[in-house]
Every structure is written in C-alpha cells, then in structure tokens.
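The values are calculated or read from the model by the stated rules, or taken from the named source; none is laboratory data. What you are looking at is a predicted structure, and each value in this text was computed from that prediction instead of being measured. Positions of Cβ are backbone-derived with ideal geometry, glycine not excepted, and every protein chain shown enters the neighbour counts. To get the accessible areas, we keep the full protein, side chains included, count just its heavy atoms, and leave off ligands, DNA and RNA. Shrake-Rupley method; radii C 1.70, N 1.55, O 1.52, S 1.80 Å.
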Amino acid sequence: MLGNQLMTSAVTGWVVAQALKTLIDCALNRSFNAERLVGSGGMPSSHSATVCGLTTAAYLKYGASSFEFAISFVLAMIVMYDAIGVRRETGKQAKLLNSILMENPLKLNAEVLQEKLKEYVGHTPLQVLAGAILGIVLALVLNLYY
C-alpha cells in the first residue's frame with residue numbers, strides 16, 4: 001500500500017488532519033476527547049485533506065488531463081461542498097434539537113432523551129480551506145519520495 005502514491009497521500013491527509021483536529025480541540029477545551037481522533041467536523045477538515053491529497057497526487061502522477069485526476073477533482077468538489085453545506089446545516093440542526101431536548105418541553109421519556117445528536121458533522125468554509133491546503137501540501141511533500 002505504501003507504494004501507491006495516491007492512497008498514501010489521501011490516508012496521510014486524513015491521519016494528519018485528525019491528529020491536528022484532536023490537538024486543537026484539546027488546546028481549546030483543555031481536555032482530551034478521544035472521539036475527535038475519528039470524528040467528523042472541526043478544524044481542519046479531514047475530509048478536505050483526504051480528497052485534496054488524493055487529487056493533488058493524481059495530478060502529480062498522471063497529469064491534469066487524466067481520468068484519475070478528473071475523478072478525484074470531481075469527488076473533492078462534492079465532498080467539500082457537502083461539508084460546508086448539507087453536513088454543516090445538519091450540525092446546526094442537531095445543536096438546536098439537543099438544546100430543545102435538554103429542556104424537554106414535550107415531556108419525553110428518558111429512553112428518547114438518552115442519546116444526544118452529533119453536533120460536529122460539518123465544517124465552516126475556513127475549516128474546509130485549511131483541510132484542503134493541508135492535503136495539497138502533504139501530497140506535494142510526499143511526492144518528493146515517489
């Protein structure tokens with residue numbers, strides 16, 4: 001697998017972004033949250049780092065006119081658009097619903113209230129941009145070894 005430049009660039013983008021996300025969250029909240037190691041949302045976007053690492057590696061290895069680059073580029077655009085749009089809105093709605101459920105105005109039973117909805121599912125444009133830059137830079141650095 002380490003011989004596959006595209007796979008290595010994509011996976012490295014994800015791993016580094018998740019590690020940075022965990023460190024940033026730890027610094028901001030002054031506590032370690034293991035869910036940040038694999039969870040979505042937060043700074044930088046690991047989704048963006050992954051797809052931009054993949055796309056950059058495809059460009060470097062196969063060129064801009066290749067089908068590998070074209071597929072990677074389209075995938076990256078969809079993933080980043082989704083992270084800023086649909087998934088970000090989902091996170092906002094989850095935050096509002098969690099707030100309402102904490103007050104429990106509908107007098108719901110404990111079983112319904114037991115599980116809190118995930119609020120960190122989407123990204124701000126800055127988080128997506130940071131992830132994209134991270135993925136591109138990592139792919140460029142890794143390209144030196146291929």
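A quick yes/no check of all residues on (1) modelled with pLDDT under 95; (2) more than 28 Å from residue 2 (Cα to Cα); (3) over 15 Å from the mean Cα position of the chain (by Cα):
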{"position": "47", "(1), (2), (3)": "yes, no, no"}
{"position": "61", "(1), (2), (3)": "no, no, yes"}
{"position": "70", "(1), (2), (3)": "no, no, yes"}
{"position": "92", "(1), (2), (3)": "yes, yes, yes"}
{"position": "100", "(1), (2), (3)": "yes, yes, yes"}
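In this structure, does residue 120 turn out to be assigned to a loop (DSSP other than H, G, I, E, B), among the hydroxyl-bearing types (Ser, Thr, Tyr), open to solvent by 70 Å² or more (accessible area, probe 1.4 Å) and at pLDDT below 70? Considered against the rule, which asks whether it is assigned to a loop (DSSP other than H, G, I, E, B), among the hydroxyl-bearing types (Ser, Thr, Tyr), open to solvent by 70 Å² or more (accessible area, probe 1.4 Å) and at pLDDT below 70, residue 120 comes out as yes. Of the numbered criteria (1) under 15 Å from residue 72 (Cβ atoms); (2) open to solvent by less than 60 Å² (accessible area, probe 1.4 Å), the one residue 36 fails is (1). Condition check for residue 76 on (1) surrounded by fewer than 13 Cβ atoms within 10 Å (Cβ to Cβ); (2) under 16 Å from residue 129 (Cβ atoms); (3) modelled with pLDDT of 95 or more: one failure, at (1). Checking each residue in the range 39-67 for being open to solvent by 60 Å² or more (accessible area, probe 1.4 Å), free of Cβ contacts under 8 Å to residues at least 12 places away in the same chain and either part of a loop (DSSP other than H, G, I, E, B) or within 17 Å of residue 125 (Cβ to Cβ) (or both) picks out 64, 65. With respect to residue 58, is the statement that it is out of contact with any Asp or Glu (no Cβ under 9 Å at 6 or more places or on another chain) and small (Gly, Ala, Ser) true? Criteria not met by residue 58.
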